[in-house]
1. What's the angle, to the nearest 10 degrees (0 to 90), between helix 478-493's Cα axis and the longest principal axis of the chain?
2. At 0.36 nm per residue, minus the direct Cα-Cα distance, what do Asp82 and Glu543 gain on full extension? Give it in nm, one decimal, please.
3. Among the listed pairs Lys60/Lys322; Lys60/Lys285; Lys256/Lys550, which have their C-alpha atoms separated by more than 26 angstrom in this model?
4. Counting helices only, and only those DSSP H runs with n ≥ 4, report the 222 nm mean residue ellipticity of the chain as the sum of -39,500 (n - 2.57) divided by its residues, in deg cm²/dmol to the nearest 500.
5. Take Lys172 and Lys535, extend 7 Å from each Cα along the Cα→Cβ direction, and tell me the distance between the two endpoints in nm.
6. Got a number for the accessible area of Leu54? Probe 1.4 Å, square angstrom, nearest 10.
7. Go through Met1, Met238, Met118 and list them by solvent-accessible area, largest first, probe radius 1.4 Å.
8. Val283 accessible area, nearest 10 Å², 1.4 Å probe?
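The values are calculated or read from the model by the stated rules, or taken from the named source; none is laboratory data. This is a predicted model, so every value here is computed, not measured. Please note: Cβ atoms are built from the backbone with ideal geometry, for glycine as well, and neighbour counts cover all protein chains shown. Surface areas here come from the heavy atoms of the whole protein model, side chains and all, with no ligands, DNA or RNA. Shrake-Rupley method; radii C 1.70, N 1.55, O 1.52, S 1.80 Å.
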Amino acid sequence: MITISGKTVCTGVAFGPVFVFSREESTIKRFHIESSEAEITRFEKAREQAILELDTLYNKAIGEVGEANAMIFQIHQMMLEDLDYIESIKNIITDQLINAETAVGQTCDNFVQMFRAMDDDYMRERSADVKDVSERLIKILSGKDKSGIIADEPVIIIADDLAPSETVQFDKTKILAFVTEGGSTSSHTSILARMMNIPAVIGAKDALNSSFNGKPAIADGFTGTLYIDPDDQTIAAMTKKKQEIEKKTALLQQLKGQASITKDGHKIELCANIGNILDVGAVLKNDAEGIGLFRSEFLYLESETYPSEDIQFGAYKEVLSKMVNKRVIIRTLDIGADKQVDYFNMPHEENPAMGIRAIRICLQRPDIFKVQLRALYRASVFGRLAIMFPMIASEWEILKVLEIIDEVKHELDSEGISYSKNIELGCMIETPAAAVISDILAKHLDFFSIGTNDLTQYTLAADRQNPDIGEFCDTHHTAVLRLINMIVKNAHANGTWVGICGELGADIELTEAFLAIGIDELSVTPSAVLTIRKKVRETNVSEIKDNVLKKYLIQ
């Protein structure tokens with residue numbers, strides 16, 4: 001038996017044969033051409049075919065992984081329309097009188113080096129997209145087709161990493177698990193695994209071995225382990241583990257319709273985080289009590305220009321209507337840092353995570369902000385809307401936001417447009433500054449939602465986009481938990497309720513701590529709702545409170 005360890009991305013246990021995904025060698029043969037005009041024509045035809053293929057992949061991906069995740073294929077189409085990219089290829093063909101495949105390869109290498117040298121994490125990640133797009137062009141020019149899964153039965157896929165255009169071509173009914181040598185928790189492979197709810201392991205060094213192809217294997221998504229040719233003892237242990245998981249999953253279904261209340265009567269609201277309208281189905285399926293975070297930036301990320309008021313109104317109206325009077329908290333535009341949008345024409349920043357992002361953009365560009373607020377207020381009559389503002393650090397920011405809201409309400413009143421008079425307003429607490437002045441902020445707002453991802457990053461000075469930060473980014477750090485405790489105390493003293501919408505909300509190890517601190521709401525990925533509800537219903541806060549607070553050194 002061979003045991004390979006990596007990092008877990010999505011839990012679960014899968015048994016099946018290995019399928020080693022290897023790409024056809026894309027060795028490019030360089031040769032001299034007589035006519036650059038004819039070769040450029042050949043390149044243009046290949047480019048047109050690539051754009052059509054990507055459009056097909058986009059439409060296929062929408063149905064499989066949702067519109068937000070399918071957007072990568074639109075980005076690839078835009079790359080094929082990029083004038084710098086096109087001109088580079090044409091110039092190499094003309095100046096060197098060489099074939100289009102070679103020109104595409106040289107341009108790819110140049111662009112990849114350029115992107116990898118950039119400081120911005122998001123732009124560095126685009127180097128993989130340039131390679132994917134260029135590889136597609138080269139295969140079309142050379143007459144080679146990309147392959148998917150060649151197997152008659154479901155398999156555990158092993159790869160170095162997988163590009164979006166590769167994963168979308170797979171027959172999803174034949175995928176038991178993903179194991180990659182590279183990748184990250186935010187890679188497309190990881191996103192797809194979570195969407196499919198199948199085991200996934202990344203950073204599995206030495207897994208990509210052609211001799212493993214077809215061999216029986218077990219992927220343990222809980223421990224991030226891959227077993228090749230497992231022995232009888234391992235098979236027995238993993239079989240038992242899988243059966244226990246299936247049993248627990250079936251039992252969790254019985255919690256649908258049950259209250260999220262502790263043994264001693266403490267009620268907590270369990271909601272779900274979503275990225276777009278298509279995710280509402282998962283919210284309802286998993287019996288979430290509302291939506292604690294609706295990321296409105298998907299409307300901007302999926303658009304080629306600023307989405308209009310009517311487009312935004314339609315989206316907000318749809319999600320509010322589908323939730324049938326369950327609270328929907330919509331976060332206003334959170335662009336910047338790792339979420340860049342070309343048409344915003346944001347200047348380059350050396351440290352974008354601490355630059356102009358989220359509410360800072362909205363306050364600097366109130367015309368964009370007012371369009372979104374008008375759409376939100378118009379949609380408020382179709383459900384139970386709450387609005388929250390991200391990246392708050394000062395009281396004056398909230399006062400300015402409230403001033404702009406008054407302007408919007410005055411405009412709607414003058415136009416005879418109705419809106420709800422009971423919209424809750426809140427802000428995300430994701431900066432240490434906001435945590436420290438939470439007593440001041442609470443006087444102006446109905447609720448707080450703690451964004452633990454950024455709060456941890458800023459508190460520990462640990463870049464959450466850096467995969468090498470490892471042990472230095474301790475999500476259970478006493479400083480983070482003490483800040484959460486401070487926020488709750490300050491909020492409750494001023495009649496403001498507090499939720500958590502960051503990744504820690506779904507951390508079952510901290511559920512008791514959050515109950516002991518007095519968190520009012522947890523918003524997690526839809527699939528985690530019932531697991532957290534089970535933990536809540538098993539907990540007696542009065543019995544565990546003192547010990548839990550002592551354990552985490554919370555005062």
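1. 40
2. Working: separation 461, 0.36 × 461 = 165.96 nm, distance 6.22 nm.
Full-extension gain reported as 159.7 nm.
3. Pairs exceeding 26 Å: Lys256/Lys550.
4. -14500 deg cm²/dmol
5. A separation of 2.7 nm, rounded to one decimal place.
6. Approximately 0 Å² of Leu54 is accessible to the 1.4 Å probe.
7. Of Met1, Met238, Met118, the descending order of accessible area is Met1, Met118, Met238.
8. For Val283, the solvent-accessible surface is approximately 0 Å².
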